[in-house]
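Visitor: Could you have a look at this structure, given as structure tokens, before my questions?
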Amino acid sequence: MQIENKSFYSRLTQSPYLAGICHVFIRLLPISIISAFLLLLSNGVDLLGYDQLSRSMQSATALVSQLFPILLITFYSQTIASFKHQLKEGVIISSLVSYFLVCLQWDLISSDMIVPPNTFLAICIPIAVSFVQQKLSRFNVKADKSLPSVVESSLQLVVQCIATVLCVVFISTVLNHLTLRYIPFNSLLPELDPNSLVDAVLYELVRNLLWSVGINGHVIFSAYKTEIYQLTEQSLAAYHQFGHELPIFTSNFFDFYSGMGGAGNTFSLVLCMLFFAKNVMYRKLALAVFVLSLFNINEPVIYGLPIMFNPIMILPFIVTPIVGLIIAYVATTIGLVPPISELMSWLTPPLVGGYVGTGSIAGMALQAVILAVGMMIYLPFFTKMEKLGSDSVITPKLNSERMFATPEAYSFEHNRTVVPQLEMKTQSQRVVSELQESGKFVLFYQPQVDIKTGRIVSFEALLRHQGHDGRITPPHFIDDFANLGLLANLDMWVIQEALDNYQHYSLQEGQKISINISPETFLVTHFASTLIQMVEASELDAKNLELEITEELLIKDETATQEVLTQLKGYGISIALDDFGSGYSSIGYLAKFEFDKVKIDRSLVMNSATTRGRKLLDLTYQIAATSCSQVVVEGVENENELNLARQLGIQFIQGFYFFKPQPLAKLPNLLTCELNN
């Protein structure tokens with residue numbers, strides 16, 4: 001059942017510009033981490049009394065930090081040029097030059113900061129450059145053809161870059177003029193009140209909203225953060241020198257109470273994964289990021305879990321730090337915890353910062369309480385996301401967990417998807433749950449007929465959904481099971497149900513029950529041994545069971561497929577190649593694998609009304625017949641198609657002309673049925 005109506009959020013996440021900037025921030029993660037560690041080492045060296053070394057390391061930190069906007073522009077320009085099919089060099093060079101000229105024009109360059117860290121501008125400039133170059137491409141000036149190709153392309157690049165930079169600077173000049181003359185830009189920016197809870201909540205809300213789409217909110221609001229830091233320095237200096245009252249909201253107040261582990265108070269999430277995750281890969285992720293999170297570096301969590309563009313985790317990511325902020329504000333206001341009286345690095349670990357910053361163990365206790373509350377907020381959302389990966393919500397209802405619970409069935413790859421994939425999982429979860437609540441899954445059986453003898457030789461088990469009102473629904477829901485990683489569970493349920501149904505009938509000599517198996521199931525470790533155990537526990541003889549596989553399985557892993565086929569055929573289970581003729585390389589697989597049956601795809605029958613179609617069907621049948629396998633033609637629905645099959649020498653037919661899929665209750669009457677030729 002396909003979900004066609006995409007939400008605004010889903011469409012937003014599919015924007016190539018937004019996806020591009022997120023990928024760029026991931027690529028820039030080493031810069032952020034290296035800069036943070038240099039700052040951490042600088043603080044540590046300073047505590048040991050090595051002032052000169054500390055200053056040198058601080059300078060190195062500043063230099064590394066200034067690489068961020070340059071690399072951001074370079075990588076983002078490269079990304080945009082790729083999906084816009086533009087010359088990468090032209091976009092990159094034009095963007096870098098434009099960035100510095102625009103920064104100079106807007107007085108963003110200072111003597112102590114040669115490369116201004118304006119992330120917003122670094123994102124906007126490549127977009128503007130790409131747009132300008134797209135418009136200028138209509139007026140492309142051709143160079144002299146007599147020049148060498150290298151010289152010609154270089155001249156075109158120079159002209160393109162100069163024209164682009166001039167256009168961008170002109171646009172910037174106009175905007176600068178209009179802004180300064182007509183818009184009191186500075187008055188539009190909210191003033192920061194160090195005693196306003198509303199301002200603090202709004203500041204934290206916007207920062208984390210930016211993080212939720214993969215953009216470093218701290219970098220975007222670096223000017224605000226600098227202002228808060230300066231206010232904190234002034235307030236603490238006045239407190240230590242003159243005994244003035246300490247403000248509640250300081251730079252470290254945000255760091256220690258709403259930034260433990262980084263934005264979103266994600267140290268609570270790391271602890272939540274560490275203690276409550278059922279999936280071993282989540283626990284490994286928590287262990288891997290624990291040290292970084294301890295020093296309030298959380299990019300690996302945001303991009304690795306992920307949190308960005310994750311419709312499940314965004315809400316707790318935004319709510320948790322705000323709740324922590326409010327708890328700390330109330331505790332400080334009523335005097336349970338002293339105000340923060342020391343200016344410390346944002347890299348200070350949780351609990352340590354609370355104790356040293358307030359000079360009281362109450363500060364440490366407050367941080368512990370906020371971490372615990374954060375874990376309580378994150379836990380139900382994380383559990384929901386983990387279930388969408390491990391599919392534990394659906395599995396018990398299918399009664400297949402007991403027979404198919406190998407760790408390999410639930411690859412961590414299911415958990416690494418990002419919106420719209422994760423949103424699709426949520427929608428698919430809803431679809432499957434509604435199906436389970438509105439009815440049950442049942443098997444129908446479609447016979448395969450020997451048109452020479454009129455006997456039924458096989459019954460293909462087909463999954464259907466039966467509503468409480470008796471309505472039968474075809475398996476349009478298969479894609480939803482696939483989105484949830486549940487095809488293995490679904491296949492095993494079908495096998496078990498078919499084996500259980502066998503007690504209601506007795507197959508005649510030579511008759512088989514045929515079951516479709518998806519590649520996801522077939523290649524799971526221990527599938528063959530699990531299936532053999534199931535058959536041995538049933539009343540069905542292995543020679544009466546047939547599995548249908550498709551070319552897709554053979555493409556995935558020929559070696560593993562051959563091993564499973566050998567094991568199953570050795571036990572007596574037959575193997576059929578389904579949908580023959582619908583793929584690109586089915587013919588080659590007839591020579592590599594031994595199939596007991598080959599089923600010609602219905603599409604060839606549908607196109608057999610033309611001379612070319614009949615010849616193609618005949619050729620496909622002849623090729624399939626050379627494999628010494630039994631050949632079945634699917635999709636025969638009328639007498640003309642049946643007569644054509646007879647003319648071509650085809651003996652085995654499956655289709656609506658003889659039988660539509662039949663419910664289990666009608667199966668006993670069909671077992672001894674012989675059709676009148």
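The values are calculated or read from the model by the stated rules, or taken from the named source; none is laboratory data. Small disclaimer: the values here were computed from a predicted structure and weren't measured. When we count neighbours, we look across all protein chains shown, and the Cβ atoms used for this are built from the backbone with ideal geometry, even at glycine.
Visitor: Among what's in the range 544-595 and is assigned to a strand (DSSP E or B) and among the β-branched types (Val, Ile, Thr), pick the residue that is farthest from residue 671 (Cα to Cα).
Guide: That would be 549.
Visitor: Here is a further query. Hand me the list of helices (runs of 4 or more DSSP H) wholly inside the range 611-677 holding 3 or more residues that are farther than 27 Å from residue 474 by Cα.
Guide: It comes to 611-625, 639-647.
Visitor: Just to be sure, is residue 308 closer than 27 Å to residue 197 by Cβ and crowded, with 20+ Cβ neighbours inside 10 Å? Even if it seems obvious, please write down each step before you answer.
Guide: Working: closer than 27 Å to residue 197 by Cβ: no; crowded, with 20+ Cβ neighbours inside 10 Å: yes.
In short, no.
Visitor: If you scan the range 100-135, which residues turn out to be assigned to a helix (DSSP H, G or I), of a type in the set (Gly, Ala, Ser) and out of contact with any Phe, Trp or Tyr (no Cβ under 8 Å at 6 or more places or on another chain)?
Guide: Those that are assigned to a helix (DSSP H, G or I), of a type in the set (Gly, Ala, Ser) and out of contact with any Phe, Trp or Tyr (no Cβ under 8 Å at 6 or more places or on another chain): 128, 130.
Visitor: Count, please, the residues in the range 480-533 that happen to be in a helix (DSSP H, G or I), polar (S, T, N, Q) and either under 26 Å from the mean Cα position of the chain (by Cα) or farther than 19 Å from residue 464 by Cβ (or both).
Guide: 7
Visitor: Taking into account only those residues within the range 641-672 that are of a type in the set (Lys, Arg) and either modelled with pLDDT of 90 or more or buried (at least 19 other Cβ atoms within 10 Å of the Cβ) (or both), which is nearest to the chain's Cα centre (by Cα)?
Guide: 660
Visitor: Would you mind telling me which numbered condition in (1) more than 28 Å from residue 444 (Cα to Cα); (2) charged (D, E, K, R); (3) over 40 Å from the mean Cα position of the chain (by Cα) residue 637 fails?
Guide: Just one mismatch for residue 637, condition (1).
Visitor: Here's another thing I want to ask about it. Go through (1) at pLDDT 90 or above; (2) closer than 17 Å to residue 456 by Cα and name the single condition residue 675 misses.
Guide: Checking residue 675 against (1) at pLDDT 90 or above; (2) closer than 17 Å to residue 456 by Cα, the one that fails is (1).
Visitor: For the subset of the range 4-21 comprising residues that are more than 14 Å from the chain's Cα centre (by Cα) and either under 17 Å from residue 117 (Cα atoms) or assigned to a loop (DSSP other than H, G, I, E, B) (or both), which member is modelled with the highest pLDDT?
Guide: Result: 21.
Residue by residue, here is whether (1) in contact with a Leu (Cβ under 9 Å, 6 or more places away or on another chain); (2) surrounded by fewer than 18 Cβ atoms within 10 Å (Cβ to Cβ); (3) under 22 Å from residue 291 (Cα atoms); (4) modelled with pLDDT under 80 holds:
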{"residue": "23", "(1), (2), (3), (4)": "no, yes, no, yes"}
{"residue": "38", "(1), (2), (3), (4)": "no, no, yes, no"}
{"residue": "56", "(1), (2), (3), (4)": "no, yes, no, no"}
{"residue": "91", "(1), (2), (3), (4)": "no, no, no, no"}
{"residue": "118", "(1), (2), (3), (4)": "yes, no, no, yes"}
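Visitor: Being out of contact with any Cys (no Cβ under 9 Å at 6 or more places or on another chain), of a type in the set (S, T, N, Q), free of Cβ contacts under 8 Å to residues at least 40 places away in the same chain and more than 14 Å from residue 24 (Cα to Cα) is true for just one of 58, 66. Which residue is that?
Guide: Values: 66 fails: free of Cβ contacts under 8 Å to residues at least 40 places away in the same chain.
None of the other options fit; the residue is 58.
Visitor: Residue under question is residue 187, and the condition is that it be assigned to a helix (DSSP H, G or I), at pLDDT below 80, of a type in the set (S, T, N, Q) and over 38 Å from the mean Cα position of the chain (by Cα); does it hold? Even if it seems obvious, please write down each step before you answer.
Guide: Details: assigned to a helix (DSSP H, G or I): yes; at pLDDT below 80: yes; of a type in the set (S, T, N, Q): yes; over 38 Å from the mean Cα position of the chain (by Cα): yes.
So residue 187 fits the description; yes.
Visitor: Condition (residue is touching a residue at least 24 places away in the same chain (Cβ under 8 Å), farther than 27 Å from residue 37 by Cβ and buried (at least 21 other Cβ atoms within 10 Å of the Cβ)) applied to the range 358-367: is it met by at least one residue?
Guide: yes
Visitor: In the range 601-610, which residues are among the small types (Gly, Ala, Ser) and either under 17 Å from residue 590 (Cβ atoms) or assigned to a loop (DSSP other than H, G, I, E, B) (or both)?
Guide: Across the range 601-610, the qualifying residues are 608, 609.
Visitor: Condition (residue is of a type in the set (Asp, Glu), closer than 21 Å to residue 631 by Cα and under 33 Å from the mean Cα position of the chain (by Cα)) applied to the range 539-546: is it met by at least one residue? Break it down into steps so the answer makes sense when it comes.
Guide: Keep residues of the range 539-546 that are of a type in the set (Asp, Glu), which gives 539, 541, 546.
Cutting the leftovers down to closer than 21 Å to residue 631 by Cα gives us 546.
If we keep only those that are under 33 Å from the mean Cα position of the chain (by Cα) too, we end up with none.
Looking through the range 539-546, none of the residues is of a type in the set (Asp, Glu), closer than 21 Å to residue 631 by Cα and under 33 Å from the mean Cα position of the chain (by Cα).
Visitor: Let me ask something else about it. In this structure, does residue 619 turn out to be assigned by TED's automatic domain parsing to the domain that holds residue 545 and either buried (at least 20 other Cβ atoms within 10 Å of the Cβ) or in contact (Cβ under 8 Å) with a residue 60 or more places away in the chain (or both)?
Guide: The answer is no for residue 619.
Visitor: Hey, could you check the range 120-134 for residues that are more than 16 Å from residue 226 (Cβ to Cβ), out of contact with any Gly (no Cβ under 7 Å at 6 or more places or on another chain) and not aliphatic (A, V, I, L, M) and say which is surrounded by the fewest Cβ atoms within 10 Å (Cβ to Cβ)?
Guide: 134
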